[in-house]
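The structure appears below as structure tokens.
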Amino acid sequence: MGADTTPTTVGDLFERPPTQFGFRGDPWLWAALRERLAQTPLPADLFTLRQLVRDAVQDETGASIDDRARDSVFVERFAHGGMSSGHVSLPWWRDTGIHIVADRWAAVTGAR
């Protein structure tokens, strides 16, 4: 997707990463979701979008972002060095990441 191109897939919503993440594994998960959802058309409603992202995060990490008993999950393939290397912040995805994607979807579709 180019700078002047309107997103047409869920993966396009992950084109520009946020400036801040929870743990060091989160940018790697962001990139994995971008690739995983690159062919998934934008859904017609916000509920479906949120469920697509939740399901993809769970498939990629083995953990639900709705699991409030855990702060993080370790994903070996996201470990690239550093203190929290490979760790994905479930609260960040639940409280921030999914909202970033939802806001981008709303901006493209004009829906809320």
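Numerical summary
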{"item": "Net length gained if the chain between residue 20 and residue 96 were fully extended (0.36 nm per residue, minus Cα distance)", "result": "26.4 nm"}
{"item": "Extension gain (nm, one decimal) between residue 6 and residue 69, 0.36 nm per residue minus Cα-Cα", "result": "18.9 nm"}
{"item": "Where labels lie 7 Å past Cα in the beta-carbon direction, separation of residue 31 and residue 109 in nm", "result": "2.9"}
{"item": "Separation in nanometres of the label points that stand 7 Å from Cα toward Cβ, at residue 55 and residue 85", "result": "3.4"}
{"item": "Trypsin sites (Lys or Arg not before Pro) within segment 64-99, DSSP loop, no more than 10 other Cβ atoms inside 10 Å", "result": "68"}
{"item": "HN-Hα J in Hz across segment 85-95 - Karplus 6.51, -1.76, 1.60, θ = phi - 60°, x for Gly and Pro", "result": "3, x, 8, 10, 7, 5, x, 4, 5, 5, 9"}
{"item": "Within the chain, helix-based [θ] at 222 nm, where runs of 4 or more DSSP H residues each add -39,500 (n - 2.57), nearest 500", "result": "-11000 deg cm²/dmol"}
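No lab work stands behind these numbers, since they all come straight from the coordinates. If you're wondering where the values come from, they're calculated on a predicted model, not measured in any experiment. Cβ: placed from backbone, ideal geometry, glycine included. Neighbour counts: every protein chain shown.
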